[in-house]
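Okay, structure first, notes after.
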Amino acid sequence: QVQLVESGGGLVQAGGSLRLSCAASGRTFDSIPMGWFRQAPGKEREFVGANRWSGDSITYGDSTKGRFTIARDNAKNTMYLQMNSLKPEDTAVYYCAAALRPSSGMSLKEGVNYYYWGQGTQVTVSS
């Protein structure tokens, strides 16, 4: 069983930056689709960004493109989410997710396509 553990969340002023980490245990994940989602109270889960394998181009959500950057460190089995120019509307619980198996054609934006999920880390952006 693969476990995903997010870290790096916290309270930050608007305009600031945070880097979230998603540490995976159990096996390497360089060939597995992985990504980030977020969910704010009263709102549905939102796609942040993902790719299908290490080296694949990254697809970002509309609300985060240009401000957020995703990177994978295969040696550490860790996926990062660098968040810059944070806004109060970025306040949410952030989750990392991984697919069950390699897939070159799955839709990255649909949460139902992912099998493993972390417990989430809270990001709060003050005005």
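The values are calculated or read from the model by the stated rules, or taken from the named source; none is laboratory data. Treat the numbers as computed from the prediction; the structure is a model and nothing was measured. All Cβ positions, glycine included, derive from the backbone under ideal geometry; neighbour counts span all protein chains shown. Ligands, DNA and RNA are excluded from the accessible area calculation, which covers all protein heavy atoms including side chains. Shrake-Rupley method; radii C 1.70, N 1.55, O 1.52, S 1.80 Å.
When the solvent-accessible area of the chain is split by element, carbon and sulfur atoms take up 46 percent of it, the probe being 1.4 Å. The slack between residue 14 and residue 117, meaning 0.36 nm per residue of separation minus the straight C-alpha distance, is 34.3 nm. Straight-line cross-link reach from residue 87 at under 28 Å between alpha-carbon atoms covers these lysines, not counting any fewer than eight positions away in the same chain: 43, 65, 109. Relative to the 2.2 N^0.38 Å rule of thumb, the range 25-127 has a C-alpha radius of gyration ratio of 1.03.
Under a model in which nothing but the beta-carbon of Lys, Arg (+1) and Asp, Glu (-1) is charged, the chain shows a dipole of about 120 debye around its Cα centre. From most to least packed by mean Cβ count within 10 Å, the peptides 105-116, 88-99 give 88-99, 105-116. Dipole magnitude for the range 73-114: about 140 debye, using +1 per Lys or Arg Cβ and -1 per Asp or Glu Cβ, origin at the Cα centre. Rounded to the nearest 10 square angstrom, residue 127 shows an accessible area of 130 square angstrom against a 1.4 Å probe. Sorting 48, 5 by solvent-accessible area of protein heavy atoms yields 5, 48, largest first, with a 1.4 Å probe. Run the quick spin-label model on residue 74 and residue 53: label points 7 Å from Cα toward the beta carbon, then report their separation in nm to one decimal. Between residue 74 and residue 53, the simple spin-label model gives 0.9 nm. With both residues required to sit in the chain, DSSP beta bridges show an antiparallel share near 90%. Computed with every protein chain present, the accessible area of residue 29 is close to 10 Å² [probe 1.4 Å]. Solvent exposure of the chain amounts to 51 Å² per residue of accessible area, where only protein heavy atoms count and the probe is 1.4 Å. Considering only 85, 117, 47, the residue lying farthest towards the positive end of the dipole of the chain is 117, judged by Cα position with unit charges set on Cβ.
Only Lys, Arg, Asp and Glu carry charge here, each on its Cβ (+1 for the first two, -1 for the last two); on that basis the range 1-53 has a dipole of about 20 debye about its Cα centre.
Taking 7 Å steps out from each Cα toward its Cβ at residue 65 and residue 89 produces label points 1.5 nm apart.
Rolling a 1.4 Å probe over the protein chains gives residue 53 an accessible area of about 100 Å². Using the Cβ-Cβ distance between residue 107 and residue 25 with R0 = 30 Å, the FRET efficiency computed as 1/(1 + (r/R0)^6) comes to roughly 0.70.
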